[in-house]
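A.B. asks: Once you've had a glance at the structure underneath, I'll fire off some questions.
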């Protein structure tokens with residue numbers, strides 16, 4: 001790491017983000033425009049995200065599989081909205097084994113089509129349903145403006161694809177997985193998200209309707225952090241996914257798809273990060289605590305290091321790193337691990353050794369208020385509690401920040417103002433025209449129609465016509 | 001599943017393999033020629049392989065990361081042997097976002113080049129070394145003759161890429177990872193492998209030398225099951241991977257790479273499978289035991305099912321499946337799970353309920369000799385022992401089969417004969433010419449020069465010239 005200061009968030013939020021992602025060694029630019037290398041520290045974070053999600057998928061009856069990277073171009077063309085949505089962003093293989101291919105192959109931007117094709121082969125009877133499959137995969141979308149984790153040509157995600165016998169079951173699954181995402185985001189990532197429905201304009205290309213979890217970043221912009229789509233019978237009809245029901249009648253299936261990607265790493269960085277760098281939630285942090293030995297001479301060193309090893313042994317249930325570098329000072333190490341967002345730091349020096357204690361410093365509370373002295377007795381339990389406190393503290397802080405930046409504008413003039421530094425929560429008549437005008441005039445898009453809302457009736461914030469639902473408007477990533 | 005019989009291995013080994021892979025729902029053909037869909041049962045097996053390997057990689061100090069799918073064509077051209085080896089099998093993206101690309105992008109066939117490029121950015125000093133990174137990824141090689149798991153256009157693997165300060169450390173790493181592969185193959189997959197060095201002809205394109213673990217399949221053909229390459233300074237020189245050593249002199253790194261792929265699933269199928277179907281080693285089997293309830297009427301059913309649930313609860317440390325299908329008979333279920341290779345079957349009927357016992361049937365020992373009655377007391381421990389016995393039994397059986405099919409031929413005439421139904425272990429002078437002639441005349445290639453050999457001197461089995469080492473010759477997948 002360099003000792004240069006990070007740009008502050010107030011100075012330049014996007015420079016802060018870009019510098020931090022690279023300096024913390026989460027990711028780096030690849031030699032191909034818009035592609036990224038996820039470095040070991042970033043990948044370890046993603047692996048923890050994967051495991052938190054995969055556990056939830058398996059607990060709700062899903063299994064993993066792997067479908068091919070290459071999709072015949074003709075498959076994408078079978079669902080009209082889908083091809084319109086994706087064709088501008090495709091990477092296409094035209095040469096294989098030195099020969100020009102008869103049919104070009106698309107590098108998957110998402111897998112509804114190829115999976116739909118396979119499901120049409122596998123599903124015969126109602127006994128085969130539901131099919132509940134997920135895959136962890138890389139996908140490619142030829143984006144023009146890219147940014148590490150947030151928008152890259154290639155990214156990593158999971159995509160769940162399910163098939164059901166009835167419309168109701170498909171809708172139930174769509175909401176179930178949305179809820180799993182929200183549970184993960186809130187309880188593991190400490191990212192308070194709002195569950196809602198996407199507008200028709202913002203929904204997935206080919207879906208009947210789409211749901212999303214939306215999070216507010218540190219600059220108040222919104223980040224779509226996971227989506228769950230009810231595909232109705234659109235793909236079932238395009239790919240002939242049919243089953244014989246109990247009365248032996250051939251029926252089309254009802255399908256869903258849902259995905260969460262490495263973009264979520266960006267959500268974690270921008271929800272919790274501060275001017276010192278990353279702040280990682282303990283449940284997902286690759287390193288939950290770092291131990292920094294402190295000594296000035298060989299005598300102190302030989303007193304301190306055995307205790308460091310002893311403490312490490314006591315804390316084997318946690319993800320612990322001992323920073324035993326000799327070429328840098330303890331102060332340098334403090335800054336370095338703060339920048340990397342490690343939730344807890346333990347300092348162990350000769351005085352701590354004498355007193356049978358260690359000094360703990362919380363990443364989320366800077367300076368003295370975040371420090372405490374822990375006795376060596378029952379150390380693991382104390383560390384467990386501190387990590388829980390950090391985890392809970394991050395969620396509280398992020399929720400407060402979000403709620404302080406959500407406004408219910410009086411009128412359209414007020415909306416224009418509040419979306420400069422927050423979200424507007426307002427009645428909307430549902431017309432794509434009002435939505436487009438607001439976007440054009442304010443750069444704020446409809447983020448979601450929240451599932452949890454008070455009900456009642458109001459007037460559209462733009463056109464004044466009657467409105468049944470409220471929606472969040474915000475500038476978004 | 002269909003009730004049709006599998007082809008026997010003796011009738012047609014490759015038909016047996018192809019039918020079994022699909023019928024057991026391990027994998028299916030994708031709509032793109034040579035690509036495969038790994039179905040949930042096959043992917044669960046691969047996930048267990050991944051976790052067994054990943055544990056070993058992490059225990060030996062490695063970390064995971066993710067490098068991009070797309071590699072600029074010019075990168076491959078930087079290492080002469082490498083581009084010669086891989087250029088006939090490349091898939092090439094020439095169109096992105098609707099435009100023809102200035103420089104075509106290769107879909108990675110392996111990642112030495114792109115990783116070498118990144119290492120040249122990241123490594124500055126001896127303090128940065130060693131770099132010990134692995135990635136789990138999909139790769140693409142445009143193969144003409146493909147077969148599920150064994151050779152597919154896209155496959156899944158891990159590829160480790162490490163950089164070191166000295167030649168000795170790189171060699172040590174290469175052997176260390178070869179040993180990890182062998183340990184995994186023998187102890188988790190019950191696949192007895194032989195560790196050895198590849199001949200110059202058979203080594204990885206760009207390596208200084210390559211090591212392999214070679215396994216014998218049920219038809220006596222060899223399968224290269226994992227490889228570990230010492231790349232010397234070839235890629236370091238091509239990509240300028242350099243570091244300042246302790247005396248401040250700029251040095252080229254020494255690099256290694258090592259990979260094991262979904263091909264290993266093929267190794268498991270063909271090492272242990274029999275005419276009834278798969279036989280999966282308990283440590284890797286997605287389902288370690290299946291419980292089949294047996295009843296003829298509602299009264300029996302209401303006696304049996306609660307015990308089935310109770311037994312399932314007692315065995316929560318294992319991967320257990322209860323087959324509660326009502327539309328098929330117990331006999332059908334027995335065949336079905338045998339075909340799918342589940343190591344143990346428990347049958348629970350009214351008599352078992354009365355006697356507080358269950359009937360266990362081992363997959364690896366057909367019929368009565370493989371059956372035993374287990375009391376409900378201490379059931380988990382008994383199951384644990386039985387699974388250990390199956391695991392050990394599979395390794396013993398496969399090792400015996402292999403050793404019975406390895407021959408030390410008297411002369412070249414004899415070699416020609418034995419490689420029709422086995423491997424030949426013979427002196428070889430090391431000349432590529434003798435190797436080529438033997439291949440041409442017998443279809444047997446050099447599989448490996450085993451690390452464990454007696455030493456001494458002999459005469460080349462082909463030309464009679466002095467030879468220092470013995471080598472395995474075999475027909476191979």
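The values are calculated or read from the model by the stated rules, or taken from the named source; none is laboratory data. A quick note: this is a predicted structure, and the numbers were derived from the prediction, not measured. Methodologically, a virtual Cβ is constructed for each residue, glycine included, from the backbone with ideal geometry; neighbour enumeration extends over all protein chains shown.
A.B. asks: If I ask for residues that are more than 30 Å from the chain's Cα centre (by Cα) and in a strand (DSSP E or B), which ones from segment A:238-291 would you list?
C.D. replies: A:242, A:243, A:244, A:250, A:251, A:252
A.B. asks: So is residue A:235 closer than 21 Å to residue A:84 by Cβ and in a helix (DSSP H, G or I) or not? First the steps, then the outcome.
C.D. replies: Working: closer than 21 Å to residue A:84 by Cβ: yes; in a helix (DSSP H, G or I): yes.
When the stated conditions are applied, residue A:235 passes them.
A.B. asks: Just to check your reading of the model, which residue among A:257, A:210 is farther than 24 Å from residue A:22 by Cβ and touching a helix residue (DSSP H, G or I) at 6+ places or on another chain (Cβ under 8 Å)?
C.D. replies: Working: A:210 fails: touching a helix residue (DSSP H, G or I) at 6+ places or on another chain (Cβ under 8 Å).
Unique residue meeting the criteria: A:257.
A.B. asks: Which numbered condition trips up residue A:132, out of (1) closer than 30 Å to residue B:51 by Cβ; (2) surrounded by 23 or more Cβ atoms within 10 Å (Cβ to Cβ); (3) in contact (Cβ under 8 Å) with a residue 60 or more places away in the chain?
C.D. replies: Failing condition for residue A:132: (2).
A.B. asks: Right, residue B:59: surrounded by 20 or more Cβ atoms within 10 Å (Cβ to Cβ), within 27 Å of residue B:116 (Cβ to Cβ) and at pLDDT 95 or above or not? Spell out how you get there, then give the answer.
C.D. replies: Details: surrounded by 20 or more Cβ atoms within 10 Å (Cβ to Cβ): no; within 27 Å of residue B:116 (Cβ to Cβ): yes; at pLDDT 95 or above: yes.
No; evaluated as a whole, the condition is false for this residue.
A.B. asks: Working only within segment B:6-28, note down all residues that are touching a helix residue (DSSP H, G or I) at 6+ places or on another chain (Cβ under 8 Å) and part of a loop (DSSP other than H, G, I, E, B).
C.D. replies: Quick first cut of segment B:6-28, residues touching a helix residue (DSSP H, G or I) at 6+ places or on another chain (Cβ under 8 Å) only: B:6-9, B:17, B:20-21, B:23-28.
Of everything in segment B:6-28, those that are touching a helix residue (DSSP H, G or I) at 6+ places or on another chain (Cβ under 8 Å) and part of a loop (DSSP other than H, G, I, E, B) turn out to be B:6, B:7, B:8, B:9, B:24, B:25, B:26.
A.B. asks: Can I ask one more? Name the single residue, out of those in segment A:35-53 being buried (at least 19 other Cβ atoms within 10 Å of the Cβ) and more than 9 Å from chain B (Cβ to nearest Cβ), that is nearest to residue B:63 (Cα to Cα).
C.D. replies: Result: A:45.
A.B. asks: Same structure again: Only one of these conditions is not met by residue A:84: (1) over 30 Å from residue B:125 (Cα atoms); (2) away from every other protein chain (no Cβ under 11 Å); (3) touching a helix residue (DSSP H, G or I) at 6+ places or on another chain (Cβ under 8 Å); (4) touching a residue at least 12 places away in the same chain (Cβ under 8 Å). Which number is it?
C.D. replies: Condition not satisfied by residue A:84: (3).
A.B. asks: Same structure again: Touching a helix residue (DSSP H, G or I) at 6+ places or on another chain (Cβ under 6 Å) and under 14 Å from residue B:386 (Cα atoms) - does that describe any residue in segment B:330-343?
C.D. replies: Taking segment B:330-343 first, the residues touching a helix residue (DSSP H, G or I) at 6+ places or on another chain (Cβ under 6 Å) are B:343.
Those left that are additionally under 14 Å from residue B:386 (Cα atoms): B:343.
Within segment B:330-343 (the criterion being touching a helix residue (DSSP H, G or I) at 6+ places or on another chain (Cβ under 6 Å) and under 14 Å from residue B:386 (Cα atoms)), the answer is yes, since at least one residue qualifies.
A.B. asks: Here is a follow-up. Mind counting the residues in segment A:98-137 that are modelled with pLDDT of 95 or more and in a loop (DSSP other than H, G, I, E, B)?
C.D. replies: Summing the residues that are modelled with pLDDT of 95 or more and in a loop (DSSP other than H, G, I, E, B) in segment A:98-137 gives 8.
A.B. asks: I'd like to check something: does segment A:71-88 contain any residue that is over 18 Å from the mean Cα position of the chain (by Cα) and part of a strand (DSSP E or B)? I'd like the intermediate steps shown before the answer.
C.D. replies: Taking segment A:71-88 first, the residues over 18 Å from the mean Cα position of the chain (by Cα) are A:71-88.
Those still in the list that are part of a strand (DSSP E or B) too: A:71-72.
Scanning segment A:71-88, I find at least one residue that is over 18 Å from the mean Cα position of the chain (by Cα) and part of a strand (DSSP E or B), so the answer is yes.
A.B. asks: Right, here's the next one. When segment B:54-70 is examined, which residues are found to be in contact with a helix residue (DSSP H, G or I) (Cβ under 6 Å, 6 or more places away or on another chain), within 12 Å of chain A (Cβ to nearest Cβ) and either in a strand (DSSP E or B) or more than 27 Å from residue A:140 (Cα to Cα) (or both)?
C.D. replies: B:63, B:64, B:66
A.B. asks: With surrounded by fewer than 17 Cβ atoms within 10 Å (Cβ to Cβ) and under 19 Å from residue A:463 (Cβ atoms) as the only criterion, which of A:410, A:400 stands out? Spell out how you get there, then give the answer.
C.D. replies: Working: A:400 fails: under 19 Å from residue A:463 (Cβ atoms).
Result: A:410 is the single residue among A:410, A:400 that is surrounded by fewer than 17 Cβ atoms within 10 Å (Cβ to Cβ) and under 19 Å from residue A:463 (Cβ atoms).
A.B. asks: Looking at residue A:39, is it in contact with a helix residue (DSSP H, G or I) (Cβ under 9 Å, 6 or more places away or on another chain) and outside the structural domain of residue A:341 (by TED's automatic domain parsing)? Talk me through it step by step, then tell me what you get.
C.D. replies: Numbers: in contact with a helix residue (DSSP H, G or I) (Cβ under 9 Å, 6 or more places away or on another chain): yes; outside the structural domain of residue A:341 (by TED's automatic domain parsing): yes.
Against the criterion (in contact with a helix residue (DSSP H, G or I) (Cβ under 9 Å, 6 or more places away or on another chain) and outside the structural domain of residue A:341 (by TED's automatic domain parsing)), residue A:39 qualifies.
A.B. asks: Let me ask something else about it. Could you please find all residues in segment B:356-391 being surrounded by fewer than 13 Cβ atoms within 10 Å (Cβ to Cβ), free of Cβ contacts under 8 Å to residues at least 60 places away in the same chain and assigned to a helix (DSSP H, G or I)?
C.D. replies: Scanning segment B:356-391 gives B:368, B:369, B:381, B:385.
A.B. asks: Of the residues in segment B:429-456, how many are at pLDDT 95 or above and either part of a loop (DSSP other than H, G, I, E, B) or under 20 Å from residue B:224 (Cα atoms) (or both)? If you could, list the steps in order and put the result at the bottom.
C.D. replies: Narrowing segment B:429-456 to residues at pLDDT 95 or above: B:429-451.
Adding the requirement that they be either part of a loop (DSSP other than H, G, I, E, B) or under 20 Å from residue B:224 (Cα atoms) (or both) leaves B:429-432, B:435-436, B:438-440, B:442-451.
Of the residues in segment B:429-456, 19 are at pLDDT 95 or above and either part of a loop (DSSP other than H, G, I, E, B) or under 20 Å from residue B:224 (Cα atoms) (or both).
A.B. asks: Can you name every residue in segment A:418-450 that is surrounded by fewer than 18 Cβ atoms within 10 Å (Cβ to Cβ) and either assigned by TED's automatic domain parsing to the domain that holds residue A:220 or touching a helix residue (DSSP H, G or I) at 6+ places or on another chain (Cβ under 8 Å) (or both)?
C.D. replies: Of everything in segment A:418-450, just one residue is surrounded by fewer than 18 Cβ atoms within 10 Å (Cβ to Cβ) and either assigned by TED's automatic domain parsing to the domain that holds residue A:220 or touching a helix residue (DSSP H, G or I) at 6+ places or on another chain (Cβ under 8 Å) (or both), namely A:441.
A.B. asks: Could you tell me whether any residue of segment A:376-383 is on the phi > 0 side of the Ramachandran plot and under 27 Å from the mean Cα position of the chain (by Cα)? Give the derivation first.
C.D. replies: Residues of segment A:376-383 on the phi > 0 side of the Ramachandran plot: A:378.
Next, only the ones that are under 27 Å from the mean Cα position of the chain (by Cα) stay: none.
So far as segment A:376-383 goes, no, none of its residues is on the phi > 0 side of the Ramachandran plot and under 27 Å from the mean Cα position of the chain (by Cα).
A.B. asks: Taking segment B:310-332, which residues are in contact with a strand residue (DSSP E or B) (Cβ under 8 Å, 6 or more places away or on another chain) and either loosely packed, with under 13 Cβ neighbours inside 10 Å or under 20 Å from residue B:357 (Cβ atoms) (or both)? Quick ask: steps written out before the conclusion?
C.D. replies: The first filter runs over segment B:310-332 and keeps only residues in contact with a strand residue (DSSP E or B) (Cβ under 8 Å, 6 or more places away or on another chain), leaving B:311-312, B:315, B:318-324, B:330.
B:311, B:312, B:315, B:318, B:320, B:322, B:323, B:324, B:330, listed by residue number.
A.B. asks: Would you be able to tell me the number of residues in segment B:237-262 that are touching a strand residue (DSSP E or B) at 6+ places or on another chain (Cβ under 7 Å) and in contact (Cβ under 8 Å) with a residue 24 or more places away in the chain? I'd like the intermediate steps shown before the answer.
C.D. replies: At the first step, the residues of segment B:237-262 found to be touching a strand residue (DSSP E or B) at 6+ places or on another chain (Cβ under 7 Å) are B:237, B:241-245, B:250-262.
Remaining after also requiring in contact (Cβ under 8 Å) with a residue 24 or more places away in the chain: B:241-245, B:251, B:253-262.
Final tally of qualifying residues: 16.
One line per residue, one yes/no per condition, for (1) out of contact with any helix residue (DSSP H, G or I) (no Cβ under 8 Å at 6 or more places or on another chain); (2) crowded, with 24+ Cβ neighbours inside 10 Å; (3) in a loop (DSSP other than H, G, I, E, B); (4) assigned by TED's automatic domain parsing to the domain that holds residue B:127:
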residue: B:139; (1), (2), (3), (4): yes, no, no, yes
residue: B:159; (1), (2), (3), (4): yes, no, no, yes
residue: B:163; (1), (2), (3), (4): no, yes, no, yes
residue: B:171; (1), (2), (3), (4): yes, no, no, yes
residue: B:176; (1), (2), (3), (4): yes, no, no, yes
residue: B:182; (1), (2), (3), (4): yes, no, no, yes
residue: B:186; (1), (2), (3), (4): no, no, no, yes
residue: B:189; (1), (2), (3), (4): no, yes, yes, yes
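A.B. asks: Surrounded by 17 or more Cβ atoms within 10 Å (Cβ to Cβ) and either out of contact with any helix residue (DSSP H, G or I) (no Cβ under 9 Å at 6 or more places or on another chain) or assigned by TED's automatic domain parsing to the domain that holds residue B:380 (or both) - does that describe any residue in segment B:224-237?
C.D. replies: no
A.B. asks: Related question: Write out, first by first residue and then by second, each pair whose Cβ atoms fall under 6 Å of each other, whose residues are 6+ apart or on separate chains, and whose first residue, in segment B:315-341, is part of a loop (DSSP other than H, G, I, E, B) while the second is surrounded by fewer than 18 Cβ atoms within 10 Å (Cβ to Cβ).
C.D. replies: Listed by first residue and then by second, the contacts come to B:315/B:380.
A.B. asks: In segment A:90-113, is there at least one residue being in contact (Cβ under 8 Å) with a residue 24 or more places away in the chain, within 14 Å of chain B (Cβ to nearest Cβ), surrounded by fewer than 21 Cβ atoms within 10 Å (Cβ to Cβ) and closer than 22 Å to residue A:270 by Cβ?
C.D. replies: The answer is no; no qualifying residue exists.
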